[in-house]
Amino acid sequence: MKKLFLLSTLILSFGVSADDHLPSNYSMYQSNFLFNCPEPERCFAAFDKYMSSPEVAAENFEVDFFAINQNGWDDSTHGISWYFLNEDQYAKSGQIYSTSMAGKKFRKAMNNIGAEIISDTLTVHTVGVTNKGDSTSNRVTLRWSHEVTDPANFLPLWTEFTKSIEGYEWSANAYGLQSHLLGNNGNGISHEVWTSHSSPQAALKFLSGMYGSKEFAQYAPESRKYATFKRSYMEVSLKQYNPD
């Protein structure tokens with residue numbers, strides 16, 4: 001499942017307990033690739049062919065291929081996220097990509113198109129909450145990247161804020177917070193806050209409601225004591241492979 005489970009080591013480091021809404025079967029790791037593609041239809045076709053190859057299809061990897069809107073940070077236009085249940089699945093995916101003929105053909109195709117990897121990160125979810133819908137219906141994600149200097153104080157503050165706006169008509173269908181483990185994630189970015197929605201229209205209604213709320217007016221100045229906002233953007237899922 002694309003919304004990942006709460007790692008015990010991160011729970012202890014943040015000094016918080018697991019959320020009651022957090023299912024026990026969430027995936028463990030998320031590998032994220034943001035890239036620039038000058039010909040999106042060709043990039044998608046190349047990746048779809050890779051995912052359809054026998055050696056990859058046999059593994060039933062859960063993957064999301066998405067477009068990036070309103071970035072304003074770098075040249076990323078699209079992204080691919082892989083959701084891994086455990087360390088073995090992560091290792092198997094890397095082995096297939098590096099050694100298979102399907103991987104070789106995919107890399108060659110992307111090079112011929114002129115696609116460029118912008119960022120490559122490995123993350124885990126410190127918090128994940130689903131209020132309604134699932135990964136197949138919540139196809140639009142809003143993201144806010146932060147440099148968190150005091151996680152022990154920031155996380156409870158953010159959790160309290162997200163809980164406080166759950167009851168609004170415009171509230172998100174799902175939300176969470178990711179912690180970066182490895183990779184090129186931008187200048188100082190350590191955590192990602194996200195919300196998921198059924199459509200771009202619902203996402204925009206959420207933005208209007210959240211930024212205009214009294215809860216956000218109280219949260220924003222307090223959060224700046226513990227974290228620095230770096231960037232925000234929208235992800236629109238174009239195809240999900242093996243969602244659960």
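Rule-based calculations on the coordinates, nothing more; no lab input. Just so you know, these numbers come straight off a predicted model, no measurement behind them. Positions of Cβ are generated from backbone atoms using ideal geometry, with glycine treated the same way; all protein chains shown enter the neighbour counts.
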Between K163 and S198, Cβ-based FRET efficiency (R0 25 Å, step 0.05) works out to 0.75
Phi angles of the stretch 234-244, converted by Karplus (6.51 cos²θ - 1.76 cosθ + 1.60, θ = phi - 60°) into ³J(HN,Hα) in whole Hz with x for Gly and Pro, give 10, 10, 10, 5, 9, 7, 10, 9, 6, x, 9
For the chain, what's the relative contact order in percent, using C-alpha pairs closer than 8 Å and at least 6 residues apart? 29 percent
Looking at (1) 227; (2) 117; (3) 143, which value of volume of the Cα convex hull per residue in Å³ comes from a calculation on the structure shown? (2)
Between the residues L155, T121, T136, the Cα farthest towards the positive end of the dipole of the stretch 68-202, that dipole coming from +1 and -1 charges on the beta-carbon of Lys, Arg, Asp and Glu, is from T136
For the chain, find the longest principal axis of its Cα atoms and tell me its angle to the long axis of helix 40-52, 0 to 90°, nearest 10. 70 degrees
Which distance in Å, rounded to a whole number, links the C-alpha centroids of the stretch 38-83 and the stretch 216-238? 26 Å
Can you list residues whose amide H is under 5 Å from L181's amide H, if they're 5+ apart or on another chain and H is modeled 1.01 Å from N? L122, T123, V124
Pull out the extension gain between N69 and S52, defined as 0.36 nm times the separation in residues minus the alpha carbon to alpha carbon distance; nm, one decimal. 3.5 nm
What helix-only [θ] at 222 nm does the chain give? Using -39500 (n - 2.57) per DSSP H run of at least 4, over all residues, to the nearest 500, the answer is -10500 deg cm²/dmol
Please get the size of the charge dipole for the stretch 68-154, origin at its Cα centre, with Cβ charges of +1 on Lys and Arg and -1 on Asp and Glu, quoted in debye to the nearest 20. 520 debye
Given charges of +1 on the Cβ of Lys and Arg and -1 on the Cβ of Asp and Glu, with all other atoms neutral, how large is the dipole of the chain about its Cα centre, in debye to the nearest 20? 380 debye
Taking θ = phi - 60°, what integer Hz values does the Karplus form 6.51 cos²θ - 1.76 cosθ + 1.60 yield along the stretch 150-156, in sequence order, with x for Gly and Pro? 9, x, 4, 9, 5, 4, x
Simple Cβ-charge dipole of the stretch 159-244, Lys/Arg +1 and Asp/Glu -1, about Cα centre, in debye nearest 20: 280 debye
